[in-house]
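Notes to accompany the following structure.
The values are calculated or read from the model by the stated rules, or taken from the named source; none is laboratory data. Keep in mind the model is a prediction, meaning the values are calculated, not measured. Every residue, glycine as well, gets a Cβ built from its backbone with ideal geometry; the counts of neighbours run over all protein chains shown. Accessible surface areas use protein heavy atoms only, side chains included; no ligands, DNA or RNA. Shrake-Rupley method; radii C 1.70, N 1.55, O 1.52, S 1.80 Å.
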Amino acid sequence: MAGKPKLHYTKGRGKMESIRWLLAAAGVEFEEQFIETKEDLEKLRNDGVLMFQQVPMVEIDGMKMVQTRAILNYIAAKYNLCGKDLKERAWIDMYVEGTTDLMGMIMVLPFQPADAKEKNLALIIERATTRYFPVYEKALKDHGHDYLVGNKLSWADIHLLEAILMTEECKPDVLSAFPLLQAFKGRISNIPTIKKFLQPGSQRKPPTDEKCIAVVRKIFNI
Amino acid sequence: MSGKPKLHYFNGRGRMESIRWLLAAAGVEFEECFLEKKDDLTKLQKDGSLLFQQVPMVEIDGMKMVQTRAILNYIAAKYNLCGKDLKERALIDMYVEGIIDLNELLMMYVFQPADKKEQHFATLVDKATNRYFPVFEKVLKDHGQDFLVGNGFSRADVQLLETLLMAEECKPDILAKFPLLQSFKARISNIPTIKKFLQPGSQRKPPTQEKDVPKVMKIFH
């Protein structure tokens, strides 16, 4: 083991935030190196440390890992957060892909033109409340356990909490029709490692603001 | 095991094609149920068969699995196509995710409006030849082995072959500068299960034609 994992990304949520969540939940301390200018990104590219010229990149266990899902898979497997067998893994993967789709919609919202924002926000809330949250509410209802899969904390729980909090930032009462998700949120937020991550001063990043948007647009040419 | 896996999708490549490839490469026979009109999709949604109201959906081992990556992960793990340890798995995952990004670009080409097609094509060729192919050419060069990871056949090899062939459909000489990818392509194409899948009459789907686009859009929109 070559010391703490080191995360390379901009100083904002984006695609790295789920990785920060998972490491924090697993109780793994990590360092961050922030890309602040286009030159910072070019340097990483010229150094040959970005396999596909993209970030996120995480230095971990002697590897320079890229591709968000590859990184998340590795961390989840290493810290036993993927269930106990193939079938549990299958359910965890399905649930995580769902929350990834939901968070993906929210992630791009700040970057959309003003006239599309309102419509897309409405779509996010619709999808959250009619496509995604009902699935997780039902999963919890059907088995009555504290966690989504296999009666044990997994990556799926951590990812769902992140998605719930992100969606509440869009619409604070979005969980009003989902009592079990509300209880789930309370419960998972109280897990010591996660509780710590949710406190001010942690490495959790705030919602994307105008300043962040400007920096990202400049660095990534979007 | 409750019989052969059953794939639910429209009769075209889309997001199901990588799943067909992986099953075929693993030597697993499968059945297909094609969505031909919007009502077919609506029926599946109303039946409660689609966890997030979307396809692909694959009935396999008593589950109705959705989400392309979840399905691919399950098949790869079940048939030992994810490397022998966490680190090989990490490398396979990185390669596969990169290839999937390129695959997305290729898949989306036919759905571009006329005024965006040329730009999309240029981006696609640029990314393929400057961002993705060089990585895999170098991987093969550095270790000199037949397969991408761990000197063993994995899902990364299957995914790469699928995408190389798709890229060639877009631009036949796209591999001109990549001799090792050319020989990789020939070598992996000759694996018996894959060779079979590449023959006419298999369940491999042809490229989506422009004329088919309206029909596909109708089912999903």
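Scan (1) within 13 Å of another protein chain (Cβ to nearest Cβ); (2) open to solvent by less than 60 Å² (accessible area, probe 1.4 Å) for the single condition residue B:153 breaks and write down its number.
In the conditions (1) within 13 Å of another protein chain (Cβ to nearest Cβ); (2) open to solvent by less than 60 Å² (accessible area, probe 1.4 Å), residue B:153 misses (1) alone.
Given the criteria more than 14 Å from chain A (Cβ to nearest Cβ) and more than 22 Å from residue B:13 (Cβ to Cβ), does residue B:130 qualify? Walk me through how you get there before you give the answer.
Numbers: more than 14 Å from chain A (Cβ to nearest Cβ): no; more than 22 Å from residue B:13 (Cβ to Cβ): yes.
Against the criterion (more than 14 Å from chain A (Cβ to nearest Cβ) and more than 22 Å from residue B:13 (Cβ to Cβ)), residue B:130 does not qualify.
Just to verify a result, which residue in the range A:161-218, among those that are within 22 Å of residue A:34 (Cα to Cα) and of a type in the set (Gly, Ala, Ser), is least open to solvent (accessible area, probe 1.4 Å)?
Among them, the one singled out is A:202.
I'm trying to understand the selection: among the residues of the range A:45-59, which are open to solvent by less than 10 Å² (accessible area, probe 1.4 Å) and touching a Pro at 6+ places or on another chain (Cβ under 7 Å)? Can you show your working first?
Keep residues of the range A:45-59 that are open to solvent by less than 10 Å² (accessible area, probe 1.4 Å), which gives A:50, A:52, A:56-58.
A:58, the sole residue that qualifies.
Out of (1) closer than 17 Å to residue B:215 by Cα; (2) away from chain A (no Cβ under 14 Å); (3) touching a Phe, Trp or Tyr at 6+ places or on another chain (Cβ under 9 Å), the odd one out for residue B:32 is which?
Of (1) closer than 17 Å to residue B:215 by Cα; (2) away from chain A (no Cβ under 14 Å); (3) touching a Phe, Trp or Tyr at 6+ places or on another chain (Cβ under 9 Å), only one is false for residue B:32: (1).
Taking residue B:27 as the residue in question, decide whether it is closer than 29 Å to residue B:192 by Cβ and either assigned to a helix (DSSP H, G or I) or not charged (D, E, K, R) (or both). Spell out the reasoning first.
On the way: closer than 29 Å to residue B:192 by Cβ: yes; either assigned to a helix (DSSP H, G or I) or not charged (D, E, K, R) (or both): yes.
Criteria met by residue B:27.
Please report, ordered by residue number, the helices (runs of 4 or more DSSP H) entirely within the range B:50-164 with at least 3 residues that are of a type in the set (D, E, K, R).
In the range B:50-164, the matching helices (runs of 4 or more DSSP H) lie at B:86-109, B:114-127, B:133-143.
What's the total number of residues in the range B:63-96 that are in contact with a Pro (Cβ under 9 Å, 6 or more places away or on another chain) and more than 9 Å from every other protein chain (Cβ to nearest Cβ)?
Of all residues in the range B:63-96, those in contact with a Pro (Cβ under 9 Å, 6 or more places away or on another chain) come to B:65-68, B:71, B:75.
Those still in the list that are more than 9 Å from every other protein chain (Cβ to nearest Cβ) too: B:75.
Matching residues across the range B:63-96 total 1.
Only one residue in B:172, B:206 is open to solvent by 80 Å² or more (accessible area, probe 1.4 Å), within 26 Å of residue B:55 (Cβ to Cβ) and at pLDDT 95 or above. Which one? Before you say what the answer is, go through the steps one by one.
On the way: B:172 fails: within 26 Å of residue B:55 (Cβ to Cβ).
Step by step, each of B:172, B:206 is checked, and only B:206 is open to solvent by 80 Å² or more (accessible area, probe 1.4 Å), within 26 Å of residue B:55 (Cβ to Cβ) and at pLDDT 95 or above.
Are there any pairs with C-beta distances below 7 angstrom linking a residue in the range A:41-59 that is over 16 Å from residue A:71 (Cα atoms) and away from chain B (no Cβ under 13 Å) to a residue that is at pLDDT below 95 and not in a loop (DSSP other than H, G, I, E, B), with the two at least 6 apart or on different chains, and if so which?
Here the result reads A:41/A:219, each pair linking the range A:41-59 to a residue that is at pLDDT below 95 and not in a loop (DSSP other than H, G, I, E, B).
Under the condition of being part of a helix (DSSP H, G or I) and charged (D, E, K, R), which residue from the range A:133-181 is nearest to residue A:206 (Cα to Cα)? Please lay out each step first, then the result.
So the first thing to find is which residues in the range A:133-181 are part of a helix (DSSP H, G or I), and the list is A:133-143, A:155-170, A:179-181.
In the following step, the residues that additionally are charged (D, E, K, R) were identified as A:137-138, A:141-142, A:157, A:162, A:168-169.
Details: A:137: 27, A:138: 30, A:141: 31, A:142: 34, A:157: 21, A:162: 12, A:168: 13, A:169: 10 Å.
Here the answer is A:169.
Filter the range A:109-126 down to the residues that are open to solvent by 70 Å² or more (accessible area, probe 1.4 Å) and of a type outside the set (A, V, I, L, M, F, W, C), then identify the one that is farthest from residue A:217 (Cα to Cα). Give the steps one after another, and end with the answer.
Within the range A:109-126, the subset open to solvent by 70 Å² or more (accessible area, probe 1.4 Å) is A:113-115, A:117-119, A:126.
Among the residues that remain, those that are also of a type outside the set (A, V, I, L, M, F, W, C) are: A:113, A:115, A:117-119, A:126.
Values: A:113: 13, A:115: 19, A:117: 17, A:118: 21, A:119: 22, A:126: 28 Å.
Filtering first and then ranking leaves A:126.
Just to be sure, is residue B:39 in the same structural domain as residue B:14 (by the TED database) and of a type in the set (Asp, Glu)? Show your work before the answer.
Working: in the same structural domain as residue B:14 (by the TED database): yes; of a type in the set (Asp, Glu): yes.
Answer is yes for this residue.
One line per residue, one yes/no per condition, for (1) among the small types (Gly, Ala, Ser); (2) more than 18 Å from residue A:98 (Cβ to Cβ):
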| position | (1), (2) |
| --- | --- |
| B:20 | no, yes |
| B:31 | no, yes |
| B:34 | no, yes |
| B:56 | no, no |
| B:61 | no, yes |
| B:69 | no, no |
| B:76 | yes, yes |
| B:96 | no, yes |
| B:115 | no, yes |
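If I filter the range A:76-108 down to residues being of a type in the set (A, V, I, L, M) and at the interface with chain B (Cβ under 10 Å from one of its Cβ atoms), which single residue comes out as most open to solvent (accessible area, probe 1.4 Å)?
Step one: list which residues in the range A:76-108 are of a type in the set (A, V, I, L, M), which gives A:76-77, A:81, A:86, A:90, A:92, A:94, A:96, A:102-103, A:105-108.
Subset that is at the interface with chain B (Cβ under 10 Å from one of its Cβ atoms): A:77, A:86, A:90, A:92, A:94, A:96, A:102.
Details: A:77: 30, A:86: 64, A:90: 2, A:92: 1, A:94: 1, A:96: 5, A:102: 1 Å².
This residue is A:86.
Quick one: residue A:124 ticks every box in (1) over 20 Å from residue A:25 (Cβ atoms); (2) of a type in the set (A, V, I, L, M); (3) in contact with a Ser or Thr (Cβ under 8 Å, 6 or more places away or on another chain); (4) facing another protein chain (nearest Cβ under 10 Å) except a single one, so which number is it?
Going through (1) over 20 Å from residue A:25 (Cβ atoms); (2) of a type in the set (A, V, I, L, M); (3) in contact with a Ser or Thr (Cβ under 8 Å, 6 or more places away or on another chain); (4) facing another protein chain (nearest Cβ under 10 Å) one by one, residue A:124 breaks only (4).
Among what's in the range B:102-112 and is free of Cβ contacts under 8 Å to residues at least 40 places away in the same chain and open to solvent by less than 60 Å² (accessible area, probe 1.4 Å), pick the residue that is farthest from the other protein chains (Cβ to nearest Cβ).
B:112
Would you check which residues across the range B:113-127 are within 14 Å of chain A (Cβ to nearest Cβ) and in contact (Cβ under 8 Å) with a residue 24 or more places away in the chain and list them? If you could, list the steps in order and put the result at the bottom.
Keep residues of the range B:113-127 that are within 14 Å of chain A (Cβ to nearest Cβ), which gives B:123, B:126-127.
Within the range B:113-127, just B:127 meets the criteria.
Just checking, which of B:99, B:60, B:19 is in contact (Cβ under 8 Å) with a residue 24 or more places away in the chain, buried (at least 17 other Cβ atoms within 10 Å of the Cβ), touching a Pro at 6+ places or on another chain (Cβ under 9 Å) and within 13 Å of chain A (Cβ to nearest Cβ)? Before you say what the answer is, go through the steps one by one.
Numbers: B:99 fails: touching a Pro at 6+ places or on another chain (Cβ under 9 Å); B:19 fails: within 13 Å of chain A (Cβ to nearest Cβ).
Being in contact (Cβ under 8 Å) with a residue 24 or more places away in the chain, buried (at least 17 other Cβ atoms within 10 Å of the Cβ), touching a Pro at 6+ places or on another chain (Cβ under 9 Å) and within 13 Å of chain A (Cβ to nearest Cβ) holds for just one of B:99, B:60, B:19, which is B:60.
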